[in-house]
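Have a look at the structure below, then the notes.
The values are calculated or read from the model by the stated rules, or taken from the named source; none is laboratory data. A quick note: this is a predicted structure, and the numbers were derived from the prediction, not measured. Neighbour counts are summed over all protein chains in view; Cβ atoms, including those assigned to glycine, are modelled from backbone coordinates with ideal geometry. Each accessible area value is taken on the protein alone, full model and side chains, heavy atoms only, with ligands, DNA and RNA left out. Shrake-Rupley method; radii C 1.70, N 1.55, O 1.52, S 1.80 Å.
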Amino acid sequence: MSTAIPETIEDTLSLLSQGNYVADRSLATTLFLALKMERPLFLEGEAGVGKTEIAKVLAQALDRRLVRLQCYEGLDVSSAVYEWNYSRQMIEIRLAEAAGEIDRKDLSTDVFSEEFLIERPLLQALRTDEKGPPVLLIDELDRTDEPFEAYLLEILSDYQVSIPEIGTIKAEQPPIVIITSNRTREIHDALKRRCLYHWIDYPTAERELQIVAARLPGIAKQLSSQLVAFVQRLRQEDLFKLPGVAETLDWADALTQLDTVALDGDAIDNTLGALLKYQDDIAKIRGSEAAKLLEQVKSEVSNLEAMSG
Amino acid sequence: MPATAVIDTEGRMAENILYFARLVRGAGIPVGPGKVLDAITAVKTLGVGQRQDFYWCMFALFVNREDQRALFDQAFHIFWRNPRMMERMMSAMLPTIKVDREEELEEMTRRLADATGSSNLAASSPQDDEEIEFDASFTYSSKEVLQDMDFEDMSVEELNQAKLAIARLRLPIMKVPTRRFQSSLQGSQVDMRASLRASLRSSDSIELKFKKVQQRHPPLLILCDISGSMSRYSRMFLHFMHGITNDRDRIQAFVFGTRLTNITRHLRHRDVDVALDSVAESVDDWSGGTRIGACLKEFNNRWSRRVLGQGAITLIISDGLDRDNADDLAQQMDRLSKSTRRLIWLNPLLRYEKFEPKAKGIKAMLPYVDDFRSSHNLNSLMALSEVLSREQPRHRYSSLQDIA
């Protein structure tokens, strides 16, 4: 038997922290409701704030299978839901002919049965295994086109798929559905209406520090408080793409790999590529701007230390 | 009726949620009855405990777009501070609402104020709440804006003719292949599913069916300048934008002068007059200065990733006369041209024969556009169809000679 779904918001928070996911109480509340009410959870937010991660952590912590559907433009039923196994169907037809069976009607019900179905992620997600219903992650839904979004409506509201040749396949137990979007376009209201919505913001300094500590346990304390303060300042700057939490973690990792114990101008300039991904942004920050930010960060961190110590 | 049953058992809580939903709906967030039932279920699931948890519970159910957050937040705090206070407020007809927020949220508060005011009426006759719309809240600024618009150069008759012509205008944007298929006799790929199904109907051999790649228009983005120097044309262009918005899907429209405004949702009204009134109300920099660089920057940073997906084409309608000095403009144009399939610039100044791109802004923009077109009359707009309908290799202008 798999881990039971949490009974309170506190349980949800501790469940997530088991997977080293530091969540806001607001997110935990929404997630808890989604689990309890068996509704899909629709997560929006800037890239790299941990939307996808939550599904992975959830699957791991609840010990459920994770079924992931990565969306892209032109995603269609045959790669997202099901496809017929044509070669097997053809062999079956040839065999039937060789055996002298010629009743076409029988043959067609035979060949278009579940046995010849190749299940793709959405159909797989309707199957409950011994661990219970899986976690279905529909990642970056904004990348698909509108027709596919419309197709999802049936699955998300009734947890069922209609296959013309067979009929309706319904989930015995509804899967836990997490949908993410980076807002490269707006998702239609009809789909959002079926979900619980949550906007994930950039974390506060305090929470970001907790995240770094949870994900990179070995990091020097001074370095982590400096780099978090630096990233927090960077998010106030006028940049094309602000760094997300994923970038913070990458950067922290990069700095530890280089055996940095405290931030300095050179270390920042050399590793800025882990944090900023557009040349314009890098050119703007590198050098004097970074030094200025670092100066502010250092005084801020030492003030904090003076206050606490 | 299940709804009443719920209300009976949960008493005041359910009723309060109902009123809260009505307030939120009145303020412009679409909350249907289904959502209200969900909210009641959710609160039962959650139990009435911490205020913060309750907040996020309501949030998850009632909000579904990021820009509704601030509005919801205010509505929540006003309503749930003390529902009794709501009643008092409704009886006092709203002047007492006091919310400490930044200036930019003021408009929303006014919207909310309207909603609270009208929910008093709605309580006595529930059918009325359909009529609550947030249009009413803009009355003050709209008058001023309408006075400021000076596109009356055309006679009424001329204007009407132009409108009709524009309403008929269709833009045959070239099609691009998608990754979807449709069945076709001339197709090059075998459609296995159709073939097998057909084979079971006929006898003997398997008859092959074919499919081909579907084609579709890419999305279109229009950025239209509404500054003073463009004012004689901007009304025409708004008609033009309205015409094509209603002709096809996936069009995003923005206007800019000193700041950028997204008018896509306003243009969706079928009726052109309603649509343009609604645009006029939402824009408050008509016929002012132009800050092309700053507006493009705002577009690049805030919108480009959201509206330029899936290989969009961009149409800039502007005379390129920038009030700011054009330092940042080239950089922003560069960024824009990198995020779009094709960048087309319509410039009404091009009708003057001796036009030369001397203005700093024009010089800065020109290297990054793929097409540079005149757009001062109906004919030039019609000619645009022809430009859009062919897929051209990207091509950059370095001097005016190239334009001819």
Some residue of the stretch B:312-332 being of a type in the set (A, V, I, L, M), part of a loop (DSSP other than H, G, I, E, B) and modelled with pLDDT of 85 or more: yes
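In the set B:L267, B:L238, which member is closer than 21 Å to B:R306 by Cα, touching a helix residue (DSSP H, G or I) at 6+ places or on another chain (Cβ under 8 Å) and buried (at least 20 other Cβ atoms within 10 Å of the Cβ)? Step through it out loud before you land on a result.
Details: B:L238 fails: closer than 21 Å to B:R306 by Cα.
None of the others qualify; the one that does is B:L267.
From A:E92, A:E97, A:E44, A:E73, which residue is in the same structural domain as A:D129 (by TED's automatic domain parsing) and either without any contact (Cβ under 8 Å) to a residue 40 or more places away in the chain or buried (at least 16 other Cβ atoms within 10 Å of the Cβ) (or both)? Explain how you work it out, then say what you get.
Details: A:E92 fails: in the same structural domain as A:D129 (by TED's automatic domain parsing); A:E97 fails: in the same structural domain as A:D129 (by TED's automatic domain parsing); A:E73 fails: either without any contact (Cβ under 8 Å) to a residue 40 or more places away in the chain or buried (at least 16 other Cβ atoms within 10 Å of the Cβ) (or both).
Checking each option against the conditions leaves just A:E44.
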Condition broken by A:E149, with the remaining ones in (1) outside any loop (DSSP other than H, G, I, E, B); (2) among the charged types (D, E, K, R); (3) over 30 Å from B:A253 (Cα atoms) satisfied: (3)
Residue match in the stretch A:155-167 (condition: touching a Ser or Thr at 6+ places or on another chain (Cβ under 6 Å), closer than 30 Å to B:L220 by Cα and open to solvent by less than 60 Å² (accessible area, probe 1.4 Å)): no
Long-range neighbours under 8 Å by Cβ, at least six apart or interchain, first residue within 14 Å of chain A (Cβ to nearest Cβ) and on the phi < 0 side of the Ramachandran plot within the stretch B:279-307, second surrounded by fewer than 21 Cβ atoms within 10 Å (Cβ to Cβ) and of a type in the set (V, I, T): B:A294/B:T258; B:R305/A:T184; B:R306/A:T184
Qualifying positions in the stretch B:178-211 - at pLDDT 85 or above and acidic (D, E): B:D191
Filtered residue count, the stretch B:181-217, keeping only those that are open to solvent by 80 Å² or more (accessible area, probe 1.4 Å), in contact (Cβ under 8 Å) with a residue 24 or more places away in the chain and over 37 Å from the mean Cα position of the chain (by Cα): 3
Qualifying residue in the stretch A:266-276 (condition: of a type in the set (A, V, I, L, M, F, W, C), without any contact (Cβ under 8 Å) to a residue 40 or more places away in the chain and open to solvent by 50 Å² or more (accessible area, probe 1.4 Å)): no
Odd one out for B:S234, checked against (1) closer than 16 Å to B:Q332 by Cα; (2) in contact with a Cys (Cβ under 8 Å, 6 or more places away or on another chain): (1)
Count of residues meeting criterion [within 21 Å of A:E149 (Cα to Cα) and not in a strand (DSSP E or B)] in the stretch A:43-84: 16
